[in-house]
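The values are calculated or read from the model by the stated rules, or taken from the named source; none is laboratory data. These figures come from a predicted structure and were not determined experimentally. Heads up, the Cβs are rebuilt from the backbone with ideal geometry, glycines too, and the neighbour counts pull from every protein chain shown.
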Amino acid sequence: MIGAIVIAFMLSPFLVHTLGDTNYGIWSIISAFAGYMTLLDLGVSSAIAKYVSKYKALKDYKSLNVVISSAIVIMLLLGVLLIVLSPILANLVVNGFKFDPEMQHTVHALVIIAAIDVAIFIGSGVFFGAFYGFQRNEITTAVTLFIQLFKAIAFYFALTNGYGLLSMGILSLISHVLATFLLIFIMRRVEPQVELTTKNADKSTMVSIFNYSKFTFLTMLGLQLIYYSDAFVIGYFLSAAAITIYTIPWSLNEYSNKLIQAVAQTFVPVFSEQEATQNKNLYKTYISGTKAVILLSNLLCIGVLALGDEFIAIWMGPRYAVECSTLLTIMFMTQLIKSPQLISYSILLGTANHQKFATYNMTFSIANLILSIILVQKFGLVGVAAATATTQILFYVVVTPILTSRVINYSLLDYVKQTYWRVVPASLVLFAILTYFAKTQPPTGYLSLLGQALIGATVYIAIAYWTLLDKEERSLTMIQLGKVSNKFLKRAW
């Protein structure tokens, strides 16, 4: 995830300045619409991860292969459906926004290409879900990084040689075709007992997959309403160029959110495995998971709150730093508050207790959309950001902890004392150090920014090591660091 974020950081300024505000805004709309099309996954990939991790723990490859085959059939049907519907979807996008007449044919073609792209991406979800369930994150990491790098290089050469938005859509499609073939090849090599065929598909297994995935799908739909409806609201009420101004801080927020989610989601198959084997350490793992997430999320969010304006000025240019400042503060204050509870969603998914989470999340997402439509007309971009902040904070501060405490029966007060409260000293020191740098020695380039960030992070981690982690966790941390150091020294030698 860090690699993908670095690639995106390097690529985004090039895209904004090469395409211009309007064309980049159009690309953002197409990306947002593609995000909605991925909903046709229906949460099946998460169900695959759940059942693969379960049957892998029980060493039941016969049932595991039935799950894989059933999922392949489902994904193939969904992909074909999306491609058939793509011309209708393209007409909806073209007619729903105020595009210049000369751009309408391009947008229409882009939506159809994006639909085919998403259909292939949905199909690859079978393999991503399976590797996720096998806890082979290094494989999905390698494939994702390769594809991200391929896409970034391809975009650069296409745009520098005079090609435009259509070439970007085609190159994105090619990258997902490559990813699918890579995943199939690797699966056959590392898990030869897995049968990549439709012959084992079973109707009752499909029903079981849908019974689990329908609530994951509802959660996905809610998240899409929160994260991608903003572009549609801004495009309809304001302009495509305004989307670019909003997208810059939003993309920073989204990169941070994905990185934090990457840590939180690692625990889903762990929780699933512990439940399947009736492991009594579920709550202990939940506490450790929360500490891992909160350690990372506070570092990222406080770092951006203190140095975010300076970063955008270096990254995109001083004009964007001024225009994005308020939006950046609203978004990262929200992220700071909500991030630790992403681990709660992981335990609900891992133990198949995510039904109420999905229902409440969808309710708050609809409220977010309505509030965004109301506030954008009076407060513009700030209104859209404020609407998202209000609903997200209410959902993750009030609803999510209560739902999780009921599932695993723990005291909220004890949970807060063991996690949130213990990271406060390190967080305050981090904010003080970075704010001091921002006011007295504002960074003028990436090197000075990185140097200040590393100083703050080093002090933060050192304090958190003693205040956030307990004795057993500190011991385990040192053991793991020792193993990593030994491996590194042996390879270097």
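General observations
- Here is the figure for region 267-305: residues that are at pLDDT 80 or above and out of contact with any helix residue (DSSP H, G or I) (no Cβ under 8 Å at 6 or more places or on another chain) total 1.
- Residue count for region 273-319, restricted to those that are more than 30 Å from Y51 (Cβ to Cβ) and within 22 Å of the chain's Cα centre (by Cα): 13
- The number of residues in region 132-189 being surrounded by 19 or more Cβ atoms within 10 Å (Cβ to Cβ) and not in a helix (DSSP H, G or I) comes to 1.
- For region 88-110, a residue qualifies if it is in contact (Cβ under 8 Å) with a residue 12 or more places away in the chain, out of contact with any His (no Cβ under 7 Å at 6 or more places or on another chain) and surrounded by 13 or more Cβ atoms within 10 Å (Cβ to Cβ), and the qualifying residues are L89, V93, G96, F97, F99, M103, T106, V107, H108, A109, L110.
- When the criteria are applied in full, I113 meets the requirement of being touching a Gly at 6+ places or on another chain (Cβ under 7 Å), over 28 Å from K203 (Cβ atoms) and touching a residue at least 12 places away in the same chain (Cβ under 8 Å).
- Output for region 370-399, where each listed residue is closer than 18 Å to N253 by Cβ, free of Cβ contacts under 8 Å to residues at least 60 places away in the same chain and of a type in the set (V, I, T): V382, T390, I393
- Applying the condition of being of a type in the set (A, V, I, L, M) and exposed (fewer than 13 other Cβ atoms within 10 Å of the Cβ) to region 364-393 and asking which residue is farthest from L349 (Cα to Cα) yields I374.
- Check on I479, modelled with pLDDT under 90, in a helix (DSSP H, G or I), farther than 19 Å from T290 by Cα and not polar (S, T, N, Q): yes
- Some residue of region 349-361 being of a type in the set (S, T, N, Q), surrounded by fewer than 22 Cβ atoms within 10 Å (Cβ to Cβ) and either in contact with a His (Cβ under 9 Å, 6 or more places away or on another chain) or not in a helix (DSSP H, G or I) (or both): yes
- Test set (1) of a type in the set (V, I, T); (2) at pLDDT 85 or above; (3) under 20 Å from the mean Cα position of the chain (by Cα) - I122 fails condition number: (2)
- Residue within region 445-455 that is among the small types (G, A, S) and either within 16 Å of L336 (Cβ to Cβ) or not in a helix (DSSP H, G or I) (or both) present: yes
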